[in-house]
Amino acid sequence: MTRVVMAFPEGKHKVLTMSYDDGRAADRRLVQLFNQHGIKGSFHLNSGLLGEGDRIAADEVAALYAGHEISAHTVTHPTIERSPKVQLIEEVMEDRKALESISGYTVRGMSYPNGSYNSLIKELLPHIGIEYSRTVHSTLKFAVPDDFLEWHPTCHHNHQLLSLADQFLSLHKKQYIYMFYVWGHSYEFADDDNWELIEQFCEKVGGQDDIWYATNIEIVDYYHAFHRLQFAADSQFVCNPSAQSVWLIVNGQIVEVPGGERVMLTAY
């Protein structure tokens with residue numbers, strides 16, 4: 001019997017992703033840190049507030065967040081659980097439109113402003129083009145969510161960040177996959193005078209051979225691509241109808257299934 005399990009790109013079994021809200025000026029320093037250490041983040045922006053106070057201006061957004069993900073956070077940051085449905089739709093759709101005109105790509109993710117959401121909002125979001133949304137409820141675990149529209153992070157950066165990083169780095173059982181998801185606001189590092197915390201974290205976890213560094217939407221897209229794989233009933237071969245490659249562990253060996261190709265699995 002051919003034994004097949006999913007792996008992350010290049011056969012890796014761990015993924016790190018970062019998630020930061022509001023687009024404040026401190027994002028400049030945070031992005032520089034991420035870039036220095038090969039770490040990727042998703043930055044959730046309020047298009048209606050860009051350029052106000054110390055928020056990043058619209059004409060800087062595309063260049064600053066290049067290589068990361070620009071994601072929605074609603075136009076004006078309301079507590080959407082208390083908003084009429086029509087205003088919720090407008091807040092998300094207009095945010096998407098504005099951010100897409102800046103980024104040049106489709107904005108398909110968000111984080112819940114003020115951490116506010118409910119089952120109705122979750123049901124509505126896929127109909128207006130949102131494929132994931134992050135909550136503010138830390139799990140202190142390294143699990144991939146069952147529901148990307150209720151995506152609980154591992155931790156806020158002020159909550160056991162370095163000890164969790166040590167745990168994550170020590171994980172070695174490749175029969176499992178692990179996701180470390182950190183969230184916060186970059187301005188908190190200035191407010192709390194603890195930039196050294198995220199600097200230490202980036203130095204600790206960056207550049208690791210067994211970690212996939214991904215944005216939120218890259219993780220979602222990868223899982224979608226895996227679930228679109230078309231396996232033969234006897235697992236002798238697999239067809240990948242997606243454009244991107246998906247990696248598998250087949251009888252203990254790393255196997256790439258390129259986009260648009262059919263791969264025989266009995267060879268492994």
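State whether the residues of segment 18-25 include one that is within 24 Å of PHE142 (Cα to Cα) and small (Gly, Ala, Ser). Outline the logic, then answer.
From segment 18-25, those within 24 Å of PHE142 (Cα to Cα) are 18-21; that's our starting set.
Among the residues that remain, those that are also small (Gly, Ala, Ser) are: 19.
The answer is yes; a qualifying residue exists.
Of all helices (runs of 4 or more DSSP H) completely enclosed by segment 65-172, which ones contain at least 1 residues that are in contact with a Cys (Cβ under 9 Å, 6 or more places away or on another chain)?
Where helices (runs of 4 or more DSSP H) fall fully within segment 65-172 and carry at least 1 residues being in contact with a Cys (Cβ under 9 Å, 6 or more places away or on another chain), they are 161-170.
Does any residue of segment 76-84 turn out to be in contact with a Gly (Cβ under 7 Å, 6 or more places away or on another chain), among the aliphatic types (A, V, I, L, M) and in the same structural domain as GLY115 (by TED's automatic domain parsing)?
Within segment 76-84, none of the residues are in contact with a Gly (Cβ under 7 Å, 6 or more places away or on another chain), among the aliphatic types (A, V, I, L, M) and in the same structural domain as GLY115 (by TED's automatic domain parsing).
Here's a check for you: in segment 241-266, which residue that is more than 28 Å from the chain's Cα centre (by Cα) and in a loop (DSSP other than H, G, I, E, B) is modelled with the lowest pLDDT?
Going through the qualifying residues, I end up with THR266.
Please work out which residue is surrounded by the most Cβ atoms within 10 Å (Cβ to Cβ), limiting yourself to segment 203-240 and to residues that are hydroxyl-bearing (Ser, Thr, Tyr) and in a helix (DSSP H, G or I).
TYR222
Mind telling me which of the residues LEU161, LEU140, LEU120 ends up being aliphatic (A, V, I, L, M), within 28 Å of GLU199 (Cβ to Cβ), without any contact (Cβ under 8 Å) to a residue 60 or more places away in the chain and loosely packed, with under 14 Cβ neighbours inside 10 Å?
LEU140
The values are calculated or read from the model by the stated rules, or taken from the named source; none is laboratory data. Being a predicted model, the structure only gives us computed values, none of them experimental. Neighbour counts run over all protein chains shown; Cβ positions are idealised from the backbone, glycine included.
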